[in-house]
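Heads up: the structure comes next, in structure tokens.
The values are calculated or read from the model by the stated rules, or taken from the named source; none is laboratory data. These numbers were taken from a predicted model, which means no experiment stands behind them. A quick note on method: Cβ atoms are made from the backbone with ideal geometry, for glycine too, and the neighbour counts reach across all protein chains shown.
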Amino acid sequence: MARDDADGMSSILSSRAVQPGTINAGRPHELDVFIAMAGTLGIDCHRTNTHVLENAIWQVTYQPSELRHCFGRYGLMPDIRLLNKQTNRAMYFEAKFQGHHGNAEERAGKLFTHHFVDWFMGKTGMPYHAYRLIFTGSLATDAKYTDKFQYLYDSDEYLCWDGSTSRMREYLDLLCQRYLFA
């Protein structure tokens with residue numbers, strides 16, 4: 001049995017060379033989504049050594065830290081925050097990757113319980129639930145996952161992303177029109 005270290009992380013898990021949920025030669029899948037999102041919004045993505053990419057309208061932050069302690073000692077660590085600097089409206093994203101086995105889609109459900117949605121709207125001050133899911137890997141393509149999403153989430157609460165720029169653009173256009181430019 002693995003012992004927990006001071007951060008509560010299993011010593012076996014933390015010693016892995018490549019952590020679960022990573023693709024592209026060890027680069028986290030969240031970083032791929034971050035770069036694609038920023039690029040879709042017309043932001044120069046050649047500076048991928050930074051956690052914040054922006055232009056005159058948008059600021060895209062990789063692993064924003066403002067929610068890290070929102071439950072006191074514990075909190076949330078979204079993968080991406082998209083901020084419209086003109087309206088000061090934001091959307092947080094969790095990028096979920098999974099192979100053919102796992103329960104990432106089930107773990108994502110905690111972000112959409114009625115109690116959490118109400119609490120998060122109060123926390124962010126946004127007049128909408130400002131959390132969305134971007135599913136990649138088998139979560140985006142395997143029917144055993146995709147067929148049930150329509151029963152678990154509203155249609156704009158998730159994107160099954162196959163890496164396509166046009167799919168990302170279509171999804172962001174929808175979110176911007178409904179929430180971020182309102």
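The table that follows gives values for the structure above.
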| quantity | calculated |
| --- | --- |
| Qualifying residue in segment 102-115 (condition: of a type in the set (Ser, Thr, Tyr) and surrounded by 12 or more Cβ atoms within 10 Å (Cβ to Cβ)) | no |
| Matching residues in segment 76-123 - criterion: being touching a Ser or Thr at 6+ places or on another chain (Cβ under 8 Å) and of a type in the set (D, E, K, R) | Arg81, Lys96 |
| Residues of segment 48-84 that turn out to be among the acidic types (Asp, Glu) and either under 20 Å from Phe112 (Cα atoms) or in contact with a helix residue (DSSP H, G or I) (Cβ under 6 Å, 6 or more places away or on another chain) (or both), as a count | 2 |
| In segment 136-182, residue farthest from Asn84 (Cα to Cα) [restricted to those that are small (Gly, Ala, Ser) and surrounded by 15 or more Cβ atoms within 10 Å (Cβ to Cβ)] | Ser138 |
| Matching residues, segment 150-174, being touching a strand residue (DSSP E or B) at 6+ places or on another chain (Cβ under 6 Å) and hydrophobic (A, V, I, L, M, F, W, C) | Leu159, Cys160, Trp161 |
| Strands (runs of 3 or more DSSP E) wholly inside segment 66-182 that include at least 2 residues being within 20 Å of Val33 (Cβ to Cβ) and of a type in the set (Phe, Trp, Tyr) | 89-98, 131-137 |
| Per-region count, segment 78-101, residues surrounded by 13 or more Cβ atoms within 10 Å (Cβ to Cβ) and either modelled with pLDDT under 90 or within 12 Å of the chain's Cα centre (by Cα) (or both) | 14 |
| Any pair with Cβ under 6 angstrom, 6 or more apart, that starts in segment 133-156 at a residue that is at negative phi and ends at one that is of a type in the set (Gly, Ala, Ser) and at pLDDT 95 or above | none |
